[in-house]
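A short write-up of the structure that comes next.
The values are calculated or read from the model by the stated rules, or taken from the named source; none is laboratory data. Computed from a predicted model, the values in this text were never measured in an experiment. Quick reminder, even Gly has a Cβ in these numbers, built from the backbone with ideal geometry, and neighbours come from all protein chains shown. Ligands, DNA and RNA are stripped out before the accessible areas are found, and what is left, the full protein with its side chains, is counted by its heavy atoms. Shrake-Rupley method; radii C 1.70, N 1.55, O 1.52, S 1.80 Å.
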Amino acid sequence: MRQPKSIFSNLDWTLVGMYMFFILVGWLNIYAAAYNEEHKSIIDFSQEYGKQFMWILISIVLILLVLILDAKFFATFSYFIYIFAIGFLLLTLAIGSEVNGSRSWIYFSDTVRFQPLELAKFATNLVLARFLGDISVRLQDIRTRLKAIAIIALPAMLVLMQNETGSMLVFASFIFVLYREGLSGNILIFGFALIVLFIFTLLIDKFIVVAFITLAAVILIFLIRRSRKNIIQFLVIYGLIVGFIFSVNGIYEHVLEPHQKKRIDVFLGKVTDLKGKGYNVNQSKIAIGSGGALGKGFLNGTQTKYKFVPEQNTDFIFCTIGEEWGFVGSGVVVIMFVLFLMRILFVAERQRSSFSRIYGYGLASLLFFHVMINIGMTIGLAPVVGIPLPFVSYGGSSLLSFTVLLFVFIKQDANRMQVL
Amino acid sequence: MSANKSFTSRRYVINTIFLVIALVFIIRLFFLQIIDKTNKSSADNNVFRYLTEFPARGLVYDCNGKPLLYNEATYDLMVIPHQMGKTFDTLGFCKLINTDILTFRKKIKLATVYSNFLPTIYDEKIPKEQYGMLQERLSEYPGFYIQARTIRNYPQPYCAQILGYIGETTPEMLETDEYYKPGDYIGISGLEKSYEKELRGKKGIRIIMVDVHNRDMGSYMNGKFDVEAKPGQDLHTYLDADLQEYAEKLLQNKRGSVVALDPRTGGIIAIASSPSYDPNLLVGRERTKNYFDLLSDKNLPLFNRALSGRYPPGSTFKPIVGLIGLQEGVLNTTITYPCYGGFPLGNGKMIKCHSHGSPLALLGAIQTSCNAYFCKVLKTTIENKQYPSTEAGFNAWRNFVLSFGLGNPLGVDLPNESGGNIPTSKYYDRYFGRGHWRALSVISIAIGQGEILLTPLQMANVAAIIANRGYFYTPHIVKAIGTISNLNKKYLTKRYTKVNPEYFNYIVKGMLGVVEGGTAHNVRMDSIKVCGKTGTVQNAGKNHSVFIAFAPMDNPQIAIAAVVENSGYGATWAAPVASLMIEKYLTHKVKRLDLEKDIMDSKLIIKSE
Ligand SMILES: [Zn+2]
């Protein structure tokens, strides 16, 4: 085994460069969104852009730390990190402070706070990679599948108990990892079908939906009438689907909290609540739309700066990008994100160790889910769910955890030649 | 390489999903930013302004459809500090609105503290004359504009405490309900408070675009994103505005209250507390000063005595003592008790009584309000052998009393209702020591003194219970909200007392006797058979005068209670007030003009006191 000369050798500079791009875009746009005439300096620590700069500095320290550590460190200690993260989530439920109806923050002081669920995403990814990466583990085994699902579901449930529904949904993104590692492709189709059914059932009378599905079923049964075994299987699936449709209203009425219902209603266009949740989306669309092709220019945005768009530094940061940089700017950010994700998949596929590959897929899935929901909601294509845009949104917890998530992967990649 | 090699082709599926989503986003962005010109047209110099459309607040009507209040348009001067810009003509503006620069700067600073970017009320309720002039010249002053809203206006100076008033939301209210924004109005008391959600309606938003010169450039996307305001719902009440006015006039220059109920529905026909105030005082620019004047008035005009005042009921409590005695079987209509000028307490002291024929049975005892008789009844009820102890006997007795709607708030649809007080055996245990008290120790409650406290509303409700011979509907003031009479179920449910309805007829007869030839014969009328009971309540100052009544005896239409504080005998003050109210309500014309003039003109307090 050859010891690398420097911790920077063998790094995938494409990923590092793109990472730096996102960090810069985020910082500049937070500056633009929160720009305050009295505090013009971008590193003024009393302002959010100054604080973000501080988080960036801390990120660099964390990056160095990750790169110095032995590449095997995270694989080796993955279970410890996972248990620690779960404990942290439990602790938050017990002593966390309630902010906007959810109990997901731990305050160390009035200004220093941490959201343990960010750590949980990282830990879950580590353990999932460690578990599935074991040579002896085969995903075709039903017990393995259940264990894998349990690894994901445990933190997801705790996050749900903290009333962070949006972040809970993030854990669903691991479905891509399971798919890549051999779970039937039907799972993707099935998941997608459930979402479509859910939306249709809320929009249209459920009896009409059932009628359509029954019609489709009758035709299909007619087509496959020769195979009795298929028909039985098919009838079971049909029963499950109808059951799901009838439970949708139940879920909607009884499981979802009023604010979640409202989000869904606004998203589906059933209610126009321009002052509440619909207000955010409407404002956000106006802001992005007003950017036009080339945007209003740096610091010239009016919609976001005048605080018409709420939470414009955090969840709605994409609005500022859209308004000040126009279609060109927002398009570049979207393209950069998809290139970034594809690069991660590419790098993941060149790994020798299963751990690194699976970890890479988990990383890409998490990032993809965040980007899809976050940008989707600002342009009115997804319900308003409070999750950040990775590397770009204001906030220490998410920046630091995504940075660590990414650089653990980069470190694995840098060491890939040493894996036998 | 791992065994998963066979799945490597799946990377393309995942890559494709990523690409498809990205493509959808790009197309959507293209549509929003390039195709859809409506967003872009407002981009460069135009800024949106969000005008809150305040819906008209619901009105309140009396039982004859007469409005008790109106809405009136008023104009607020709003400011959005950041829009003022660097070249704002401060001097000119101060001249325009007639203020000095210092005040102006202070106000702007305050507004900035709330938000640099959201509208704040700079000045409210601009007089109509100033409004026209401002509207014309305001475009020279960016950041300022005028917003209309409606305020209350009262045709007559009555019903102040029932209607209540509205006021600006406090920071605490803003935190508990996100509907309200700073400067919004909310019901603070009375019906305005208890029916706030129904009355307020729902605010709307109108989005207009303004250019840098603060000029209105029209509505945004033809109002596509505007939200229409939903007007508030009207309240239809049981109140009889004429009777209410009459009640307030009878009580003028006195401290006291009158509550009149329709025993058939529990509807409140009139509910007056004196001294009151002109509701118009709490609207308009002077309202803060007026409010503090009212607040510091030691006769407490803002305090609704009818709901929140707690008084010993005095002798008006005796019918209940009698009813419980009958129910418990320790009393019948033939038992007589002698009265030698009072009820001896055994230690040389006695509960005194006035002179009257003796011995008396139930009917006579009610008619003459004999103290000794009811002390005896209470003693036999509490020390009934069927209970193991005085304590148990008292607890049983107390449960009967509670079933008359006493000891707890009745649940009227007005805020700040008190529950009065019916002492518990625990209270006496603490006071005398456990097992160290007997019926004689607490005997003053038999004549409605001691720790027993009722609100005038509860007293009127007791009259309603006796009128109904044993049940009541929870008193309430609102008959219908908007066009539908969607009353709360609790106002439509009969509540029975624990006393058998058959016993009530004895009490009714006794109460008829009170007015026909008993303690309240001075308010007898030929035309109407009134059943009543006087009360003269001892307290630290001069006696409170109390009277409860209902009429007519058969098929009662009104049950009433009157309290006149520190005035004298029940028959002297409260009985005439209640009797005149009954006459007015049932005949619409008062014939006893001398009595009416006498009561109205009497001044027991001086206004400026
Ligand atoms: Zn006597």
**Prompt:** Does B:Ala396 qualify as being away from every other protein chain (no Cβ under 14 Å), surrounded by 14 or more Cβ atoms within 10 Å (Cβ to Cβ), away from the ligand (no atom under 16 Å from the Cβ) and within 36 Å of the chain's Cα centre (by Cα)?
**Reply:** yes
**Item:** Residue count, the range B:331-342 (criterion: surrounded by fewer than 12 Cβ atoms within 10 Å (Cβ to Cβ) and either within 16 Å of the ligand (Cβ to nearest atom) or outside any loop (DSSP other than H, G, I, E, B) (or both))
**Value:** 2
**Complete:** Within the range B:67-98, residues assigned to a helix (DSSP H, G or I) and open to solvent by 10 Å² or more (accessible area, probe 1.4 Å) come out as B:Pro81, B:His82, B:Gln83, B:Met84, B:Thr90, B:Leu91, B:Gly92, B:Lys95, B:Leu96, B:Ile97
**Asked** Under the condition of being more than 9 Å from the ligand (Cβ to nearest atom) and closer than 15 Å to B:Phe317 by Cα, which residue from the range B:364-373 is surrounded by the fewest Cβ atoms within 10 Å (Cβ to Cβ)?
**Response** B:Gln367
**Asked** In the set B:Leu19, B:Leu32, B:Leu23, which member is under 30 Å from A:Lys296 (Cβ atoms), more than 7 Å from every other protein chain (Cβ to nearest Cβ) and either surrounded by 14 or more Cβ atoms within 10 Å (Cβ to Cβ) or at pLDDT 90 or above (or both)?
**Response** B:Leu23
**Request:** Report yes if A:Val334 is more than 7 Å from every other protein chain (Cβ to nearest Cβ), under 25 Å from A:Ala34 (Cβ atoms), surrounded by fewer than 24 Cβ atoms within 10 Å (Cβ to Cβ) and modelled with pLDDT of 90 or more, otherwise no.
**Result:** no
**Message:** Could you go through the range B:351-359 and let me know if any residue there is within 14 Å of the ligand (Cβ to nearest atom), open to solvent by 20 Å² or more (accessible area, probe 1.4 Å) and of a type in the set (A, V, I, L, M, F, W, C).
**Reply:** yes
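Please determine, by comparing only the residues of the range B:111-169 that are assigned to a helix (DSSP H, G or I) and β-branched (Val, Ile, Thr), which one is surrounded by the most Cβ atoms within 10 Å (Cβ to Cβ).
B:Ile162
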**Asked** If B:Tyr387 passes every condition in (1) within 16 Å of the ligand (Cβ to nearest atom); (2) crowded, with 16+ Cβ neighbours inside 10 Å but one, which one does it miss?
**Response** (1)
**Message:** Pull out all pairs, ordered by first then second residue, where Cβ-Cβ is under 9 Å, the residues are six or more apart or on different chains, the first lies in the range B:325-344 and is under 15 Å from B:Gly364 (Cβ atoms) and within 14 Å of chain A (Cβ to nearest Cβ), and the second is open to solvent by 30 Å² or more (accessible area, probe 1.4 Å) and more than 16 Å from the ligand (Cβ to nearest atom).
**Reply:** none
**Asked** Are any residues in the range A:396-420 open to solvent by less than 20 Å² (accessible area, probe 1.4 Å) and aliphatic (A, V, I, L, M), and if so, which ones?
**Response** A:Leu399, A:Leu405, A:Leu406, A:Val408, A:Ile410, A:Ala414
**Request:** Answer yes or no as to whether B:Leu345 is assigned by TED's automatic domain parsing to the domain that holds B:Gln449, touching a Phe, Trp or Tyr at 6+ places or on another chain (Cβ under 8 Å) and within 16 Å of the ligand (Cβ to nearest atom).
**Result:** no
**Prompt:** Of all residues in the range B:422-436, which are open to solvent by less than 20 Å² (accessible area, probe 1.4 Å) and in a helix (DSSP H, G or I)?
**Reply:** B:Ser425, B:Tyr428
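Table: residues versus (1) without any contact (Cβ under 8 Å) to a residue 12 or more places away in the chain; (2) open to solvent by 30 Å² or more (accessible area, probe 1.4 Å).
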position: B:Ile528; (1), (2): no, no
position: B:Ala540; (1), (2): yes, yes
position: B:Asp554; (1), (2): no, yes
position: B:Ala574; (1), (2): no, no
position: B:Asp594; (1), (2): yes, yes
**Message:** Condition (residue is basic (Lys, Arg) and under 23 Å from B:Phe117 (Cβ atoms)) applied to the range A:24-42: is it met by at least one residue?
**Reply:** yes
**Prompt:** What helices (runs of 4 or more DSSP H) lie completely within the range A:48-143 and have 3 or more residues being open to solvent by 40 Å² or more (accessible area, probe 1.4 Å) and assigned by TED's automatic domain parsing to the domain that holds A:Leu400?
**Reply:** A:48-68, A:78-95
**Failed criterion for B:Leu323 (all others in (1) under 30 Å from B:Ile162 (Cβ atoms); (2) aliphatic (A, V, I, L, M); (3) open to solvent by less than 10 Å² (accessible area, probe 1.4 Å) hold)** = (1)
**Request:** Would you mind finding the one in A:Lys285, A:Lys307, A:Lys275 that is within 21 Å of B:Ile207 (Cα to Cα), at pLDDT 65 or above and at the interface with another protein chain (Cβ under 7 Å from one of its Cβ atoms)?
**Result:** A:Lys285
**Request:** Take A:Leu119 and decide whether it is modelled with pLDDT under 85, within 29 Å of A:Ala382 (Cβ to Cβ) and among the hydrophobic types (A, V, I, L, M, F, W, C).
**Result:** no
**Item:** Extreme residue, farthest from the chain's Cα centre (by Cα), among residues of the range B:160-192 that are among the aliphatic types (A, V, I, L, M) and modelled with pLDDT of 85 or more
**Value:** B:Ile186
**Complete:** Every listed condition ((1) in contact (Cβ under 8 Å) with a residue 12 or more places away in the chain; (2) within 12 Å of chain B (Cβ to nearest Cβ); (3) open to solvent by 10 Å² or more (accessible area, probe 1.4 Å)) holds for A:Val384 save (2)
